[in-house]
1. Taking residue 91 as the residue in question, decide whether it is out of contact with any strand residue (DSSP E or B) (no Cβ under 9 Å at 6 or more places or on another chain) and modelled with pLDDT under 90.
2. Can you find a residue that is in contact with a strand residue (DSSP E or B) (Cβ under 8 Å, 6 or more places away or on another chain), hydroxyl-bearing (Ser, Thr, Tyr) and either farther than 18 Å from residue 83 by Cα or in a helix (DSSP H, G or I) (or both) anywhere in region 174-182?
3. In region 184-206, what count of residues is obtained for those that are within 18 Å of residue 142 (Cβ to Cβ) and of a type outside the set (Ser, Thr, Tyr)?
4. Restrict the check to region 97-112 and report whether at least one residue is within 26 Å of residue 218 (Cα to Cα) and in contact with a helix residue (DSSP H, G or I) (Cβ under 8 Å, 6 or more places away or on another chain).
5. Just to be sure, is residue 165 farther than 15 Å from residue 202 by Cβ and either without any contact (Cβ under 8 Å) to a residue 24 or more places away in the chain or outside any loop (DSSP other than H, G, I, E, B) (or both)?
6. What's the total number of residues in region 1-25 that are in a loop (DSSP other than H, G, I, E, B), charged (D, E, K, R) and over 16 Å from residue 80 (Cα atoms)?
7. Could you look through region 177-190, keep only residues that are modelled with pLDDT under 90 and over 16 Å from residue 126 (Cβ atoms), and pick out the one that is surrounded by the fewest Cβ atoms within 10 Å (Cβ to Cβ)?
8. Checking residue 46 against (1) within 30 Å of residue 154 (Cβ to Cβ); (2) in contact (Cβ under 8 Å) with a residue 24 or more places away in the chain, which single condition isn't satisfied?
Amino acid sequence: MGQKVNPIGFRTGVTLGWKSRWYAPKREFSDLLLEDHKIRQFILKRREASSERDRGRERRMYPMISKIEIERTRDEVKVIIFTARPGVLIGSRGGKIEELQHELQALTGRRINPKIEEITRPELVAQLVAESIAEELMRRSSFRRTIKKAMEATMAQGAKGMKVQLSGRLGGAEMSRREKQMVGSVPLSTLRADVDYGFAEATIAQGQIGVQVWINRGLFSEDNDNGADAKTGQASKKSKRTYKG
């Protein structure tokens with residue numbers, strides 16, 4: 001039986017930082033952890049009507065979000081949203097971000113300080129690539145053509161390797177199957193490798209199609225501060241082996 005490990009969780013605390021950064025007493029830890037989950041789900045799953053023409057259909061109010069980081073202090077909760085479309089999230093004169101702030105404060109009962117971070121190269125972010133593939137599948141595009149197009153765009157941005165795996169009733173087939181394509185190298189067991197992972201689901205007439213994306217962006221540099229909070233001794237700065245990118 002194969003053992004599958006999420007590349008993000010595998011590297012968290014070693015070469016990647018934590019997405020929630022705060023300390024709390026033992027009796028409050030579970031409540032604050034659940035509150036973090038509610039904040040993320042509220043932002044990621046909030047929907048709005050797309051247009052008058054497509055009345056009844058809904059779309060995400062805050063699209064192209066790769067991750068949400070949360071930092072807590074005694075006075076406020078800082079919510080850092082990484083997105084490739086900051087203008088859509090902020091809105092005209094900051095109207096949308098103020099609305100989001102008021103709704104999160106009503107949800108949690110705490111003072112919320114939202115912050116937007118722009119992603120300049122979304123082709124190298126696995127979560128955004130997975131969501132774009134899922135959107136193309138929902139538009140009834142050919143899954144092989146969609147995968148090939150996504151791989152070409154990602155490799156053109158300087159990625160060392162990429163793997164895409166689809167699972168479901170591909171092409172409207174009666175029996176579900178798994179399709180996988182890979183280009184370059186994706187070393188999943190190398191902690192020094194900067195491997196990003198993303199997952200999305202496409203809803204089509206035949207059911208759900210799962211989309212998994214792995215992107216190898218090279219090796220973590222020694223001056224990278226992603227692992228600044230990791231315990232010393234967990235991962236050596238210099239490896240005795242050399243890895244081919």
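The values are calculated or read from the model by the stated rules, or taken from the named source; none is laboratory data. If you're wondering where the values come from, they're calculated on a predicted model, not measured in any experiment. We place every Cβ from the backbone using ideal geometry, glycine too, and count neighbours over all the protein chains shown.
1. Taking the combined requirement at face value, the residue satisfies it.
2. yes
3. Looking only at that region, the number is 5.
4. No; the residues of region 97-112 include none that is within 26 Å of residue 218 (Cα to Cα) and in contact with a helix residue (DSSP H, G or I) (Cβ under 8 Å, 6 or more places away or on another chain).
5. When the stated conditions are applied, residue 165 does not pass them.
6. 1
7. 189
8. Every listed condition holds for residue 46 apart from (2).
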